[in-house]
Amino acid sequence: MKEEKNFRESTIPVVVSERLRGLSAGAEAAGELTAALLDVIQDYRWFKLFVPRSLGGLELSLPDGVRLEEELARIDGSLGWTVTLCGGANLFVGYMDRSIATAIFADRAVCLGGSGQAAGKAVMENGGYRVSGKWRYATGAPHLTHFTANCVIEGTDLIKSFFFPKADVRIVKDWNAFGLKATASHSFEVDNLWVDEAHTFSIIPQAATWDHPIYQYPFLPFAEATLAVNTLGMARHFLECAAAIDTPQLLAQVDAAEKEIWKTRVLFYEALDASWDELTRTGTLSSERSTAVGERSRTLVDMSRKQVIATYPSVGLIAANESSTINRVWRDLFTASQHRLLRW
């Protein structure tokens, strides 16, 4: 796929970007995505990046979806992160019972989210499981229609994935991070909840219930790549804000930073595109390709963070002003890049 030639170009029209940035500022103040911003996301079907067209999704390839996530994170960190995490959770439709998935995804506003941590326990009971647990960092908690969670099956070493309707979940409002405020990544819990076996799933290629290559792509490199481009997008936004200050010294520094990030970005997409090409040609992804995606993802995050850190001192006090856009981008970037999958 041909890459953009200009670091500051975007594949999203300016008028759309400006509208989204205006709405995202309101979401930052509200501490969650607003109804107006959710309407735009649902109109564009961004939560359904990897959902089959037959279920109202965009059915994108992984490279196309990742490039879009980069651009959304460049517009606003909380916007990009929420679309990425909820779009990644909606990917689980590809591993659900088809009749249940069809019913759930008939809802225009369907949005899954949750936690990959095995913080719950499940006891087998009457064709299902009795589940209890508390999970942290459920991005988009206020607007999720279903929560996903991993549990250890009592008496075994087996970990199983579950999904619960919002009505069965208690949200614990404890997201107090200094960045990504509008992601509202609160905790959630269930207590002694009975869950039917049909509301479990396994995120492995052989368990896929829908026929699309995205469901054959291993989840770990999928997660690493989609999360990494959020840091990239935010770094691009930070440097864009720095360039707007328009001093000769800062412009030269921004130009140098952009060139270094761009070179790393090209290598990242080369690895991602090669992995997708291998999967679509052969039906499987080799461990070598999978490892390369993970390594390039973390290298991309490291380079993005490094160049933003190098540029920050030259920006001046505006970067320390909590009401400034550049300060918000800084806070978002250094919150997002703390994710465990983005660290070596």
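The values are calculated or read from the model by the stated rules, or taken from the named source; none is laboratory data. It should be emphasised that the depicted structure is a prediction, and the values quoted were computed from it without experimental measurement. No Cβ is skipped: glycine too gets one built from the backbone with ideal geometry, and neighbour counts run over all protein chains shown. With ligands, DNA and RNA removed, areas are computed over all heavy atoms of the protein, side chains included. Shrake-Rupley method; radii C 1.70, N 1.55, O 1.52, S 1.80 Å.
Out of the range 134-179, which residues are of a type in the set (A, V, I, L, M) and in contact (Cβ under 8 Å) with a residue 24 or more places away in the chain?
Once the filter is applied, which keeps residues that are of a type in the set (A, V, I, L, M) and in contact (Cβ under 8 Å) with a residue 24 or more places away in the chain, the range 134-179 yields 138, 141, 144, 149, 152, 153, 159, 171, 172, 177.
Filtering the range 299-315 down to residues that are open to solvent by 40 Å² or more (accessible area, probe 1.4 Å) and either over 21 Å from the mean Cα position of the chain (by Cα) or in contact (Cβ under 8 Å) with a residue 60 or more places away in the chain (or both), which residue is farthest from residue 253 (Cα to Cα)?
Selected residue: 305.
Could you list, in sequence order, all residues of the range 153-189 that are of a type in the set (Asp, Glu) and either touching a strand residue (DSSP E or B) at 6+ places or on another chain (Cβ under 6 Å) or buried (at least 21 other Cβ atoms within 10 Å of the Cβ) (or both)?
154, 168, 174, 189
Residues that are among the small types (Gly, Ala, Ser), buried (at least 18 other Cβ atoms within 10 Å of the Cβ), touching a Lys or Arg at 6+ places or on another chain (Cβ under 9 Å) and more than 27 Å from residue 26 (Cα to Cα): does the range 126-143 have at least one?
Within the range 126-143, one or more residues are among the small types (Gly, Ala, Ser), buried (at least 18 other Cβ atoms within 10 Å of the Cβ), touching a Lys or Arg at 6+ places or on another chain (Cβ under 9 Å) and more than 27 Å from residue 26 (Cα to Cα).
Of everything in the range 247-277 that's closer than 20 Å to residue 328 by Cβ and free of Cβ contacts under 8 Å to residues at least 60 places away in the same chain, which residue is surrounded by the fewest Cβ atoms within 10 Å (Cβ to Cβ)?
Only one residue tops the list, namely 257.
So, in the range 278-294, of the ones that are under 22 Å from the mean Cα position of the chain (by Cα) and assigned to a helix (DSSP H, G or I), which residue ends up surrounded by the most Cβ atoms within 10 Å (Cβ to Cβ)?
The qualifying residue surrounded by the most Cβ atoms within 10 Å (Cβ to Cβ) is 293.
Within the range 218-227, identify whether any single residue is open to solvent by 40 Å² or more (accessible area, probe 1.4 Å), over 20 Å from the mean Cα position of the chain (by Cα) and not charged (D, E, K, R), and answer yes or no.
The answer is no, given that none of the residues of the range 218-227 is open to solvent by 40 Å² or more (accessible area, probe 1.4 Å), over 20 Å from the mean Cα position of the chain (by Cα) and not charged (D, E, K, R).
Report the residue count in the range 179-205 for those that are over 25 Å from residue 127 (Cβ atoms) and in contact with a Ser or Thr (Cβ under 7 Å, 6 or more places away or on another chain).
Counting residues in the range 179-205 that are over 25 Å from residue 127 (Cβ atoms) and in contact with a Ser or Thr (Cβ under 7 Å, 6 or more places away or on another chain) gives 6.
Could you tell me which residue of the range 190-213 is farthest from residue 130 (Cα to Cα), considering only residues that are open to solvent by less than 50 Å² (accessible area, probe 1.4 Å), assigned to a strand (DSSP E or B) and not aliphatic (A, V, I, L, M)?
By that ranking, first place goes to 201.
Can you run down the residue pairs with Cβ atoms below 9 Å, 6 or more apart or on separate chains, where the first is in the range 99-126 and under 19 Å from residue 209 (Cα atoms) and the partner is among the β-branched types (Val, Ile, Thr) and open to solvent by 40 Å² or more (accessible area, probe 1.4 Å)?
101/209
Report whether or not residue 178 is in contact with a helix residue (DSSP H, G or I) (Cβ under 9 Å, 6 or more places away or on another chain) and over 30 Å from residue 328 (Cβ atoms).
For residue 178, the condition - in contact with a helix residue (DSSP H, G or I) (Cβ under 9 Å, 6 or more places away or on another chain) and over 30 Å from residue 328 (Cβ atoms) - is not met.
Would you pick out the residues in the range 239-277 that are polar (S, T, N, Q) and either more than 25 Å from residue 211 (Cα to Cα) or outside any helix (DSSP H, G or I) (or both)?
247, 249, 253, 264
Looking at the range 220-232, I want the residues that are closer than 22 Å to residue 76 by Cβ and have a partner that is assigned to a helix (DSSP H, G or I) and of a type in the set (Asp, Glu) with Cβ atoms under 7 Å, at least 6 apart or on another chain. Which pairs are those?
226/69; 229/69; 229/70; 230/69; 232/70
Considering only the range 245-277, state which residues are under 20 Å from the mean Cα position of the chain (by Cα) and among the basic types (Lys, Arg).
If the condition is that a residue be under 20 Å from the mean Cα position of the chain (by Cα) and among the basic types (Lys, Arg), then 265 is the only one that fits.
Where residues in the range 335-344 are touching a Ser or Thr at 6+ places or on another chain (Cβ under 9 Å) and in a helix (DSSP H, G or I), which of them is farthest from residue 269 (Cα to Cα)?
335
Within the range 48-81, which residues are hydroxyl-bearing (Ser, Thr, Tyr) and surrounded by 24 or more Cβ atoms within 10 Å (Cβ to Cβ)?
Scanning the range 48-81 gives a single hit, 78.
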